[in-house]
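Okay, structure first, notes after.
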Ligand SMILES: N[C@@H](CCC(=O)N[C@@H](CS)C(=O)NCC(=O)O)C(=O)O
């Protein structure tokens, strides 16, 4: 790594080329591109995340002690967690601003979690089938089966589909209402902020899950155009 370069730890889909897919790393990747920072990616399969990061960072509390995104900075600092990375980078490279104090950010972060929580029974079974490399599939299946206390087939059958979409819809509609408050394409109108990158990470992830998922999310949002406009507007950093 060149001395001025950042290193982003991310989970791959595919090989040569590896592609990013996971929403939390997407937030950081969009952010580094938006800030114009020089970085390389270190692709890490799920079973290797712990051994790759454990000598560099203090573990998270909770079920996954080591997570991507993690960022290694040119001065040797390691930062784990997408929001901590945003706070850190904003201090290191304040311009262009991420507007972390925007009233939209807190709301969009809450709706991000609400939406992701609701569609888990849809995406958790899909990710190993459609996205992950073979090295990560066993790890994903066993950790997620343990977390849900059932097989992923059962999760999909009993809690996925219509039921999950109905649970996800209110969050989508709330985001739509926020996007409609200003003239767009961003939450703050024509000013980009981190809230756009956070919601952009969901749109990019849904797109990666397949056109049926993406189209259903847009349909449930009540106004697909505002989401499509945002997606187009963040595309230069994707
Ligand atoms: N709050 C964290 C969550 C990060 C997270 O959960 N990352 C997942 C991939 S999206 C991960 O690395 N999981 C590790 C595992 O499943 O062992 C953030 O925003 O960075």
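The values are calculated or read from the model by the stated rules, or taken from the named source; none is laboratory data. All figures in this text were calculated on a predicted structure; none of them were measured in a lab. Virtual Cβ from ideal backbone geometry, glycine too; neighbours counted across all protein chains shown.
What to note about this one:
- Residues of the range 50-60 classified as more than 23 Å from residue 138 (Cα to Cα) and within 11 Å of the ligand (Cβ to nearest atom), total: 0
- Listed by position, the helices (runs of 4 or more DSSP H) enclosed by the range 111-180 that each have at least 1 residues that are farther than 25 Å from residue 199 by Cβ are 120-130, 134-148, 152-159.
- So residue 177, is it more than 16 Å from the ligand (Cβ to nearest atom) and over 26 Å from residue 235 (Cα atoms): no
- Set 17, 23: member being within 19 Å of residue 127 (Cα to Cα) and modelled with pLDDT under 95: 17
- Residue in the range 106-118 that is more than 15 Å from the ligand (Cβ to nearest atom) and in contact (Cβ under 8 Å) with a residue 40 or more places away in the chain present: yes
- Exactly one residue among 15, 35 is more than 10 Å from the ligand (Cβ to nearest atom), surrounded by fewer than 14 Cβ atoms within 10 Å (Cβ to Cβ) and touching a residue at least 12 places away in the same chain (Cβ under 8 Å), and that residue is 15.
- In the range 66-92, the residues that are under 11 Å from residue 56 (Cβ atoms) reach residues that are assigned to a helix (DSSP H, G or I) and within 7 Å of the ligand (Cβ to nearest atom) with C-beta atoms within less than 9 angstrom, at least six apart or across chains, in these pairs: 66/49; 70/49.
- Count of the range 50-69 residues which are surrounded by 15 or more Cβ atoms within 10 Å (Cβ to Cβ) and in contact with a helix residue (DSSP H, G or I) (Cβ under 9 Å, 6 or more places away or on another chain): 5
- Test: residue in the range 190-211 that is outside the structural domain of residue 13 (by TED's automatic domain parsing), over 30 Å from residue 90 (Cα atoms) and crowded, with 17+ Cβ neighbours inside 10 Å: yes
- Residue 151 vs. criteria touching a helix residue (DSSP H, G or I) at 6+ places or on another chain (Cβ under 7 Å) and without any contact (Cβ under 8 Å) to a residue 12 or more places away in the chain: yes
- Matching residues in the range 89-110 - criterion: being in a helix (DSSP H, G or I) and under 23 Å from residue 181 (Cβ atoms): 103, 104, 105, 106, 107, 108, 109, 110
- Boolean, residue 47 is farther than 30 Å from residue 232 by Cβ, touching a residue at least 60 places away in the same chain (Cβ under 8 Å), within 12 Å of the ligand (Cβ to nearest atom) and over 18 Å from the mean Cα position of the chain (by Cα): yes
- Filtered by the rule that a residue be touching a strand residue (DSSP E or B) at 6+ places or on another chain (Cβ under 6 Å) and either surrounded by 14 or more Cβ atoms within 10 Å (Cβ to Cβ) or under 14 Å from residue 110 (Cα atoms) (or both), the range 169-184 gives a lone residue, 182.
- The set of residues in the range 85-108 that are more than 21 Å from residue 216 (Cα to Cα) and surrounded by 17 or more Cβ atoms within 10 Å (Cβ to Cβ) comprises 85, 86, 89, 90, 98, 99, 102, 104, 105.
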